[in-house]
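Visitor: Pasting a structure below so you can have a look.
The values are calculated or read from the model by the stated rules, or taken from the named source; none is laboratory data. Note that this is a predicted model, so its numbers are computed, not measured. Cβ atoms come from the backbone with ideal geometry, glycine included; neighbour counts cover every protein chain shown. For the accessible areas, the whole protein counts, side chains as well, though only heavy atoms, and no ligand, DNA or RNA atoms are used. Shrake-Rupley method; radii C 1.70, N 1.55, O 1.52, S 1.80 Å.
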Amino acid sequence: MVDTLGLLLTVMVTSADVGDRAAAQVLLAQVAAAHHLLALVWADGGYTGSLVEHCLAALALVLTIVKRSDDMRGFVVLPKRWIVERFFAHLMQSRRLVRDFERSTSSAEAMVYWSMTQLMTRRLARPRSSRA
């Protein structure tokens, strides 16, 4: 889960037999407990259904589904979903995350945190351009 700047809030890696909606319930509960000011979450169409009601009732989070319009043809950038896609692109710059080398989910999560730490360090170390 990332914020609107594409910075990592939390990671949860599960085995392949765990569905996205079931994992999202656990992940959203962890995020809601850690980030008390969080009120709105954007998700793609795979998280529709009872998860939207569960977020509102149990976690006091508004889960908004960002859908692609039916009249769109070809590739179209959806601004809110592009934040996550850009985050995935940053992760793929880490060679170890390109393939599934990890044997445990906790090791895979640690590698995502490590990759994000490198990205944030590069952003902080980048010289600021002077704006006149």
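Visitor: Starting from the Cα gyration tensor of the stretch 77-132, take the square roots of the eigenvalues, sort them a ≥ b ≥ c, and report rounded, prolate or oblate (rounded when a/c is under 1.5, otherwise prolate if a/b is larger than b/c, else oblate). Show your work: numbers first, answer last.
Guide: Details: a/c = 3.08, a/b = 1.59, b/c = 1.93.
Taking the square roots of the gyration eigenvalues as a ≥ b ≥ c, the stretch 77-132 is oblate.
Visitor: Here's another thing I want to ask about it. May I ask you to derive the relative contact order of the chain, considering only C-alpha pairs under 8 Å and at least 6 residues apart, and to give it as an integer percent? Kindly include the intermediate steps, with their values, before the conclusion.
Guide: On the way: 103 pairs, mean separation 35.1, N = 132.
Once normalised by length, the contact order is 27 percent.
Visitor: In addition: Using per-residue counts of other Cβ atoms within 10 Å, averaged over each peptide, order 56-69, 115-128, 21-34 from highest down. If you can, show how the numbers build up before the last one.
Guide: Details: 56-69: 13.2, 115-128: 11.1, 21-34: 15.2.
Ranking, from highest mean packing down: 21-34, 56-69, 115-128.
Visitor: Moving to a separate point now. Evaluate the distance, in nm, between pseudo-label points positioned 7 Å from the Cα of GLU109 and of VAL76 along their respective Cα→Cβ axes.
Guide: About 3.7 nm, to one decimal.
Visitor: Extension gain GLU102-HIS35, at 0.36 nm per residue separation less the Cα-Cα distance, in nm? Please report the intermediate quantities before stating the final value.
Guide: Details: separation 67, 0.36 × 67 = 24.12 nm, distance 2.84 nm.
Between GLU102 and HIS35, full extension yields 21.3 nm more.
Visitor: Divide by every residue of the chain the summed helix terms, -39500 (n - 2.57) for each DSSP H run of at least 4, and state the resulting mean residue ellipticity at 222 nm, rounded to the nearest 500 deg cm²/dmol.
Guide: Numbers: 5 runs with 58 residues, N = 132.
-13500 deg cm²/dmol, from helical runs alone.
Visitor: Now for a separate question. Just read off the accessible area of SER106 with the full protein assembly in place, 1.4 Å probe, to the nearest 10 Å².
Guide: Answer for SER106: close to 80 Å² accessible.
Visitor: Identify the chymotrypsin sites (Phe, Trp or Tyr not before Pro) of the stretch 48-121 meeting these criteria: DSSP loop state and at most 16 other C-beta atoms within 10 Å of the C-beta. Let's see the in-between values first.
Guide: Values: sites: PHE75, TRP82, PHE87, PHE88, PHE101, TYR113, TRP114; in loops: PHE75, PHE101.
Qualifying residues, ordered by number: PHE75, PHE101.
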